[in-house]
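The structure appears below as structure tokens.
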Amino acid sequence: MLLLPGQIIHLMDALFDAGTVFGLLVMLIHCTKVELSGQTLFLMLKDVNVFSMPLMTRPYVIVSDEFRKSFTKLKSSQLRRELAKAYKIRDLYLIWSTDVEKSEGRYIQIIRIWDLLSQQHVARTVQRLENLFSMYTHDYMDHCRRVQTLGKLEVPMVWDVEPDIIRYKKDCRVDAQEELDLVDTSYAMENSKVRESFLLMKFYSLSSGVAKHLLTAADGSEVDIPFELTDEEKMIIQFPLTSFILGRSGTGKTTVLTMKLIQKEQHSLLASQGLNLDGADLSGVDDKNIMPLKDIGESFVKQVFITVSPKLCSAIKSHISGLKKFGSGDVSDQPSILHMHDIFDDQEEFTEIPDNFSNLPHEHYPLTITYRKFLMMLDGTFRISFFDVIYGELKSSIDRWHSNSRALQTFIESKEVTYEKFAASYWPRFNADLSKNLDASTVFTEIISHIKGRYQASNPYIGKLGRQDYVMLSDKRFSSLNSEKRDRIYNIFNTYESMKSTAREFDLSDFFNSLHISLVSEGYSGDLVDFVYIDEVQDLTMTQIALLKYVCKNFKEGFLFAGDTAQTIARGIDFRFEDIRSLFYTAFLSETEVFNQGIQHGKQVQLSDMFQLTQNFRTHCGILHMAQSIMSLLYFFFPSSVDKLNPETGLVYGEAPVLLESGNDESAIMAIFGEIKSKHGNTHAEQVILVRDDATKKQIVDLVGKQALVLTIVECKGLEFQDVLLYNFFGSSPLRNKWRVLYSYMKDKDIIAQSGEISHPDFDRSKHHLLCSELKQLYVAITRTRQRLWICENTDDYCRPMFDYWKKLRLVEVRLLDPSLIQAMQTGSSADDWRLRGTKLFNEGQFEMATMCFEKAGDAYREKWARAAGLVAIAER
């Protein structure tokens with residue numbers, strides 16, 4: 001049954017007719033897969049006992065995210081039930097169409113429900129659908145139009161996968177602008193609205209469990225149900241062996257990890273209890289394996305999800321909990337998206353979890369923890385703790401304190417040498433002759449990642465690379481430091497170790513090297529887990545990753561690593577994903593009997609598969625093309641410092657990033673925000689000014705006051721905004737004139753003429769080693785935006801090479817900062833928008849900016865809460 005764009009409104013009346021609805025219902029019962037909304041679902045729940053049918057004949061139902069929000073915002077339960085019959089009530093309309101989808105090795109016609117709307121919004125949505133359908137190929141539309149009948153009923157048609165049915169006329173991910181020319185120009189820019197795009201809209205599988213959630217939720221934000229996955233994501237989730245997942249920001253890496261974890265939970269229950277037909281569907285899981293997630297006693301799968309960021313860990317923990325409740329049919333209220341996590345470190349988030357892997361109660365599984373918590377649990381498994389050894393005089397105090405006590409954690413944190421402490425307290429005290437032409441970030445990275453962090457350095461009785469071995473790394477093709485600088489860095493390392501010992505302080509390398517020693521000497525006596533999922537793995541060193549082999553011996557199937565080395569802006573971390581694969585081969589597989597037998601018989605043991613996620617769900621092609629231009633520079637100058645992936649793809653065309661021209665950066669900022677203030681306007685809660693460091697942040701906050709959000713690039717990692725103003729990135733760069741080395745790339749790639757008069761230095765890895773971290777920071781900043789990106793600089797001297805590069809590639813638009821542009825940059829925000837943004841910032845520990853957001857939202861309670869949390873955080877630092 002096909003809904004062509006011009007027929008949608010006409011079909012509404014027929015759809016609302018009881019006879020047609022009954023016919024539609026019968027058709028749905030015979031469908032293998034249907035994309036459907038909650039109204040029709042409830043009609044099925046009321047009129048036909050669909051969910052008592054055998055599993056293989058049960059309809060597989062999908063709803064859009066817009067419909068989910070619209071449906072669950074309805075306050076009256078009775079109203080939702082009446083709407084579920086698909087009748088017109090209070091001028092609400094169900095927008096739907098027929099589509100084709102690949103499922104289980106075949107193509108099948110499905111019904112796709114788009115939205116639940118009042119009458120005045122129907123025409124606009126229909127027009128937007130017409131624009132979308134105009135991008136489909138004639139063959140694809142023909143498959144949508146085909147009709148198959150069973151008696152007097154229309155039923156979905158099914159085709160073999162071969163040959164492929166191509167959806168889009170062209171690769172709209174590249175030629176989106178040409179495709180936009182084919183549609184009504186009054187609606188063309190709808191395709192560039194990322195938050196509204198039909199192309200990026202999420203759809204949800206609808207089952208009895210989802211129905212209960214929809215019909216009992218108080219508002220849309222409280223419904224946590226799994227959305228449909230792409231074919232790319234499903235392939236990775238269904239892959240049965242250990243694997244490595246690479247993907248740039250916004251490509252769905254965390255989604256794949258969480259859904260695979262939930263799938264394993266369901267498979268475990270299937271194996272222990274047998275098929276149960278009352279469970280709820282989870283996207284990405286074969287219908288044959290659908291099981292309720294509930295306590296199964298002694299027989300259960302032990303899974304651990306690990307990430308470095310406490311805030312990301314907290315969010316994932318809540319999401320997995322929501323999916324488990326959904327899977328078990330639990331329809332009780334779930335934590336709202338506006339829930340504020342009042343924690344200042346990851347330890348307080350896990351006070352209910354013992355610092356010990358021995359006999360961990362099964363209710364803690366699946367275990368979702370930070371890597372720091374993992375270290376503490378591993379340490380607690382041994383007879384003598386790392387902290388007992390280095391702080392022996394506090395042994396009695398530690399015995400009295402609970403291991404998770406705030407006092408103990410505060411003491412430990414005060415003794416840890418982080419990059420910030422290294423730069424502030426250690427770096428200024430090193431001999432100037434040693435630190436000449438070196439920076440604190442590079443030296444700290446070399447100490448943590450290479451001297452103390454390389455796996456081959458983890459001889460449990462040494463824990464470091466010797467001087468000769470370290471200096472010899474200068475001969476490697478990836479080295480950006482010559483032997484003379486490495487020799488000086490090693491001298492700094494020796495001085496650092498001596499100073500650290502005198503101060504009775506430690507760094508994380510000391511901690512995990514101590515754990516390696518204990519594991520070799522005592523062995524591991526804790527629980528062995530079945531599966532380990534590591535997110536943002538690029539934030540770990542090789543030695544840290546190697547510790548995982550002790551807690552999980554399921555090397556063949558039990559590990560899933562996900563990350564992106566383009567986002568390695570953590571201080572002290574420097575490696576590629578290929579290094580992790582090699583580590584897995586040498587440190588994990590080498591201990592298996594199969595590996596040793598293979599070596600004896602001259603057989604090569606195959607490394608685990610590496611997958612790439614390339615479809616971006618966060619932003620549009622204009623931003624993706626600029627991000628790819630940064631990756632091209634990294635591939636050229638630092639081929640061994642970042643993993644080379646296929647270019648990201650996007651389905652939405654958007655505005656090109658804008659280079660703002662103004663007299664100077666301060667006047668530009670004042671022009672924008674002074675104008676806003678004078679006109680009683682406002683910035684949006686989804687707009688942010690990104691700066692390089694805290695010093696620049698303070699400067700801008702002093703200028704704009706409470707008119708705008710201001711964050712550093714490090715602070716914004718993991719966040720996303722509709723609009724981003726990147727402020728003075730090049731002007732504040734330590735590279736200064738060395739950015740001119742980019743002209744050597746442009747000449748090499750014939751972007752500019754070889755005979756051009758532009759002077760530039762030749763690339764020297766030793767002189768230009770900072771370029772790598774600068775490009776990665778720029779990449780992170782660019783990819784924070786979903787919609788609009790503005791770049792503002794105070795001088796042409798440092799930014800000109802990059803700006804010339806972008807202009808030659810036609811990736812940017814140059815705009816004069818005039819009143820019309822300033823007005824276009826302004827967008828209003830509701831109190832709810834500011835409250836939501838404030839909560840996200842609060843949960844990221846950005847208490848100052850969160851306080852400002854709550855103030856704008858008029859939320860005095862949360863404003864006081866955020867201000868108090870900020871004061872506590874300052875006091876603890």
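In nm, what is the difference between 0.36 nm times the number of residues separating M235 and E104 and their Cα-Cα distance?
Values: separation 131, 0.36 × 131 = 47.16 nm, distance 1.11 nm.
The span from M235 to E104 would gain 46.1 nm if fully extended.
When only Cα pairs under 8 Å and 6 or more residues apart are kept, what is the percent relative contact order across region 415-511?
Working: 73 pairs, mean separation 35.7, N = 97.
Across region 415-511, relative contact order equals 37 percent.
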Considering the convex hull of the alpha carbon atoms of region 621-828, report its projected area averaged over all viewing directions, in nm², one decimal.
-> 11.9
Using a Förster distance of 60 Å, how high is the FRET efficiency between L434 and E757, based on the Cβ-Cβ distance and rounded to 0.05?
-> 0.90
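For region 415-511, what is the Kirkwood estimate of the hydrodynamic radius, computed as the reciprocal of the mean inverse distance between distinct Cα atoms, to one decimal in Å?
On the way: mean 1/r = 0.0732 Å⁻¹.
Across region 415-511, the inverse of the average 1/r is 13.7 Å.
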Distance in Å, no decimals, from the C-alpha centre of region 784-826 to the one of region 127-147 is 37
What's the extension gain from D818 to H138 if we count 0.36 nm per residue and subtract their Cα-Cα distance?
-> 240.3 nm
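Pulled fully out, how much extra length does the chain show between T495 and T418, if you take 0.36 nm times their separation in residues and subtract their Cα-Cα distance? Walk me through the numbers before you get to the answer.
Numbers: separation 77, 0.36 × 77 = 27.72 nm, distance 1.65 nm.
Here the segment from T495 to T418 would lengthen by 26.1 nm.
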Ascending count of other beta-carbon atoms within 10 Å, so fewest first, for R784, R372 = R372, R784
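Order of L438, L481, L709 from fewest to most other C-beta atoms within 10 Å? Each step should come with its number before you reach the end.
Working: L438 18, L481 22, L709 28.
The most exposed by this proxy come first: L438, L481, L709.
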Under 12 Å from the Cβ of D527, count the other residues' Cβ atoms, weight Lys and Arg +1, Asp and Glu -1, and hand me the total.
-> +1
Set the Förster radius R0 to 35 Å, insert the Cβ-Cβ distance between K807 and K644 as r into 1/(1 + (r/R0)^6), and round the FRET efficiency to 0.05.
-> 0.90
Relative contact order of region 621-828: what whole-number percent is it, with Cα pairs under 8 angstrom and at least 6 residues apart?
-> 36
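Read the figures in this text as sums done on the coordinates, not as results from a lab. What you see is a predicted model; the values in this text were computed from it and never measured. All Cβ positions, even for glycine, are placed from backbone atoms using ideal geometry, and neighbour counts span all protein chains on display.
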